[in-house]
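A.B. asks: Quick one: this structure, given as structure tokens, is what I'll be asking you about.
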Amino acid sequence: MNETRSRDVEYVQRSYTRTIYSYRPKPYFDKVTLLINEEAYQSSPNLGWEGLLKGGIEVHKLPGDHTSYIRDHVRTAAQKIRECLDKSETQLSRPT
């Protein structure tokens, strides 16, 4: 890796870290759908969002871990995303 690219990567890494540690999320008042891999689900079924999601949370557990759920189980993940989008579209198209 050349020196300029190395400095760019370092800058992005430092900026990302600063952003992560300084960000303070605010409550969200609509319902949220969360897709989470089974490994993460075991340690935190809703990734700590329950205190901020005031409109409710719908959790869908996907097979695999952080890497494999999208690499090895991509069809399952895609199918679940499609189902969630279709459900959302149906709900939005209902007359109020």
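What follows draws every value from the coordinates through simple rules; no lab data is involved. If you're wondering where the values come from, they're calculated on a predicted model, not measured in any experiment. Every residue, glycine as well, gets a Cβ built from its backbone with ideal geometry; the counts of neighbours run over all protein chains shown.
A.B. asks: Take the Cβ-Cβ distance between D72 and N46 as r, set R0 to 22 Å, and report the resulting FRET efficiency rounded to the nearest 0.05.
C.D. replies: 0.40
A.B. asks: Note down the net charge around L35, summing +1 for each Lys or Arg and -1 for each Asp or Glu among other residues with Cβ under 12 Å from its Cβ.
C.D. replies: Overall, the nearby charge balance is 0.
A.B. asks: Lysine pairs in the range 2-96 with Cα distance under 23 Å, only those 8 or more apart or on different chains: how many are there?
C.D. replies: 8
A.B. asks: Pick out which of S22, S44, S68 has the largest mean-square fluctuation in a Gaussian network model of the chain, springs linking Cα atoms closer than 10 Å.
C.D. replies: Highest fluctuation of the listed residues: S22.
A.B. asks: Counting alpha carbon pairs within less than 8 Å and at least 6 residues apart, what relative contact order, in whole percent, applies to the chain?
C.D. replies: Relative contact order here is 23 percent.
A.B. asks: Still on this structure: Let a ≥ b ≥ c be the square roots of the eigenvalues of the Cα gyration tensor of the range 26-93; is it rounded (a/c under 1.5), or, if not, prolate (a/b larger than b/c) or oblate?
C.D. replies: Taking the square roots of the gyration eigenvalues as a ≥ b ≥ c, the range 26-93 is oblate.
A.B. asks: Moving on. Would you mind telling me which residue in R14, R24, R75 has the biggest mean-square fluctuation in a Gaussian network model of the chain, where springs connect alpha carbons within a distance under 10 angstrom?
C.D. replies: Fluctuation is largest for R14.
A.B. asks: Could you list the chymotrypsin sites (Phe, Trp or Tyr not before Pro) in the range 10-96 that lie in coil according to DSSP, counting only those with at most 13 other Cβ atoms within 10 Å of their Cβ?
C.D. replies: Filter output for the range 10-96: Y23, F29.
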